[in-house]
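Once you've had a glance at the structure underneath, I'll fire off some questions.
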Amino acid sequence: MPLTSRQRMLRAVLGAVFGSALLAAPAAASPQEADPCARLTAGEVRYDVADAERVTFATAETYGATETRLIGCVRQGDSYVQEWKSWGFSGRNGFAPPGSMWENTLYSPTGSFTITEALGRANPGTQLTYYTLNPASRWGGEHGPSYNQYFEGTGGPADENLWGYMQQGLYEQAAVINWNRPPDMPTRQGASFAIFFHAGYAPTWGCISTDLSTVVRLLKTAVPGDRIVMGTVDDVFTASTAAADGVASAAARAEEKAEAAQDRAETMTTGAATLAVVAAMAFVIRLAFRSAGRKHRPDGGAGGTRPEPSTESSTEKPTEKPTERPLPEGPPAEGSAAEESRTGSSVRGTSR
């Protein structure tokens, strides 16, 4: 809905009376979402889109911001992928906080809404219910049965003259956003009306405004039941799990590496212990065989088997008495008889 001179005057009065509430300084901005279609596929959108074939996102960075990012998503299997993107504007006061949408607040509504009707100079090929405008075309703003509905007639002061706005280029083509009207919700008198997706590319009274080619593109592919999700980034999207998933994944990988390192260490320890046991057993077996060989060593018996050399030290003294060396022949030396009787032949055998 574009701003009229009467509405601009009303806005000035509202700003003077309720300025602190309606025109508060915007909060810290959240950056625009780069891929809302992927967030929708991941279930990270706060608003239900049912089984819509196409979903358009219209998001602002924060309350009070009017510049709006527009991205169209189309379903492919179980996922949504980006089909187009553009820029536009919301109402003069940005998107409405929950429960704040009402006439003359200059807000655009927040939420998920179907698109089932359209209007303009001529049908561009849409499957939506289409109203070709004429001089009697009106949109109900007066409280009563025609409130927030299309009708034809002279209308009252609050009813929008659709023909006049079309001549200005604003309603050359427009899609009707089903805020405060069936099939999305019952109509409440005074809860705002004429919320459109239209041409004009300027802040509005509550509509979403963009360039004409974007509006035409949306209309050409739209079918009844397609949706538009609108609001601030923080109101539309849940906290992304991507960072948390990344941290969890990194922690899982680190845990797997630690477990693998522990397994390798245990394997090496077990292997070393096994080798030690095997070496000990081999040593015991060698000793056993060596002992058995000493007990059953042959003395050069049958078969000419040569006995193994003794392992005893060569420095050990023989236990057997050495054979006496024969005495030399000849007369004994003088006094030899007495000496022999005193010392014995063994001494003679060892003195030369």
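The values are calculated or read from the model by the stated rules, or taken from the named source; none is laboratory data. A quick note: this is a predicted structure, and the numbers were derived from the prediction, not measured. Neighbour counts run over all protein chains shown; Cβ positions are idealised from the backbone, glycine included. Note: areas computed on protein heavy atoms with side chains; ligands, DNA, RNA excluded. Shrake-Rupley method; radii C 1.70, N 1.55, O 1.52, S 1.80 Å.
Take R227 and tell me if it is open to solvent by 20 Å² or more (accessible area, probe 1.4 Å), closer than 19 Å to Y130 by Cβ and not acidic (D, E).
In short, yes.
Also, I was wondering about something else. Considering only the stretch 97-112, I want to know if a residue exists there that is touching a residue at least 60 places away in the same chain (Cβ under 8 Å), outside any loop (DSSP other than H, G, I, E, B) and not small (G, A, S).
Within the stretch 97-112 (the criterion being touching a residue at least 60 places away in the same chain (Cβ under 8 Å), outside any loop (DSSP other than H, G, I, E, B) and not small (G, A, S)), the answer is no, since none of the residues qualifies.
Then there's this: Using the structure shown, decide if Y80 is open to solvent by 60 Å² or more (accessible area, probe 1.4 Å), modelled with pLDDT of 95 or more and of a type in the set (S, T, Y).
It is false that Y80 is open to solvent by 60 Å² or more (accessible area, probe 1.4 Å), modelled with pLDDT of 95 or more and of a type in the set (S, T, Y).
Can I ask one more? For the stretch 50-74, which residues satisfy the criterion of being in contact with a Lys or Arg (Cβ under 6 Å, 6 or more places away or on another chain), open to solvent by 10 Å² or more (accessible area, probe 1.4 Å) and in a strand (DSSP E or B)?
V74
For the stretch 125-158, which residues satisfy the criterion of being closer than 27 Å to F57 by Cβ, part of a loop (DSSP other than H, G, I, E, B) and open to solvent by 30 Å² or more (accessible area, probe 1.4 Å)?
G125, Q127, Q149
Would you say N104 is under 25 Å from G64 (Cβ atoms), open to solvent by 30 Å² or more (accessible area, probe 1.4 Å) and touching a helix residue (DSSP H, G or I) at 6+ places or on another chain (Cβ under 8 Å)?
yes
Tell me which residues, restricted to the stretch 180-199, are part of a loop (DSSP other than H, G, I, E, B) and open to solvent by less than 40 Å² (accessible area, probe 1.4 Å).
N180, R181, G190, A191, S192, F193, A194, I195
Let me ask something else. Determine whether S90 is open to solvent by less than 20 Å² (accessible area, probe 1.4 Å), more than 18 Å from T238 (Cα to Cα) and not charged (D, E, K, R).
yes
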